[in-house]
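The values are calculated or read from the model by the stated rules, or taken from the named source; none is laboratory data. Please read all numbers here as calculations on a predicted model, not as lab measurements. When we count neighbours, we look across all protein chains shown, and the Cβ atoms used for this are built from the backbone with ideal geometry, even at glycine.
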Amino acid sequence: MRRRWSDAVTENFSYKVVALFISLILWLTILGRRDFVLSKNVDIELSTAQGTHVVAQTADHIKVKVSGPRAALKKFMESSLSQNINLDISHRGTGVIYVDIPLNKIDVPLGVKILGVRPNQIQAEVLEIKDSGNDKQKGQ
C-alpha cells in the first residue's frame, strides 16, 4: 500500500493550484509594497510679541525627511509647496532663544511618517524695537 510520489502530487491538484496562485498574489503584493523616502525643505516663520522682532536666526528653513507610499508622498510634495511652519515665541521674551521644532506642526498626509527633521532646534535672537525719535518729530 505504498503511494506513489506522482499520486501525491496529482491528488487534489486543483486545490494545490489555487493555493499556489493565492500565495503568489500575496507574495507579490507584499514584495511590491515598498516605502519611498523623500526630503523636503519647509520654511520656518517665528512670531514674536508686539514691540520685539527677530534680528538673527540660525536657519530659516528645515529639511524634513519622510517615508511612505508613492501616492502619499506625491500628495505631500504638492501640499508642502506652500507649507510654512509658524512658531509662536511671543511668550519667550527677548535675548537668545532656542526653539525646538515640534513634529506635530508638520502637516503630512495619511500613510506618511516623519523620519527626521534637520535642524531640530533653531537659535534666534529677539530684541526689543526701540523708538528712534520719530515721536519727537511727530509732535512738532
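So Lys75 passes all but one of these: (1) touching a residue at least 40 places away in the same chain (Cβ under 8 Å); (2) part of a helix (DSSP H, G or I). Which condition number does it fail?
Going through the list (1) touching a residue at least 40 places away in the same chain (Cβ under 8 Å); (2) part of a helix (DSSP H, G or I), Lys75 breaks only (1).
May I ask you to list pairs of residues, at least six apart or on different chains, whose Cβ atoms are under 7 Å apart, with the first in the range 95-107 being in contact (Cβ under 8 Å) with a residue 60 or more places away in the chain and the second being of a type in the set (Val, Ile, Thr)?
Note: pairs meeting the criteria are Ile106/Val42; Ile106/Val64; Ile106/Ile85; Ile106/Ile114.
Within the range 92-116, which residues are in contact with a Lys or Arg (Cβ under 6 Å, 6 or more places away or on another chain) and modelled with pLDDT under 90?
Pro109
Test Val37 against the stated conditions and say whether it is surrounded by 10 or more Cβ atoms within 10 Å (Cβ to Cβ), touching a Lys or Arg at 6+ places or on another chain (Cβ under 9 Å) and over 30 Å from Arg92 (Cβ atoms).
yes
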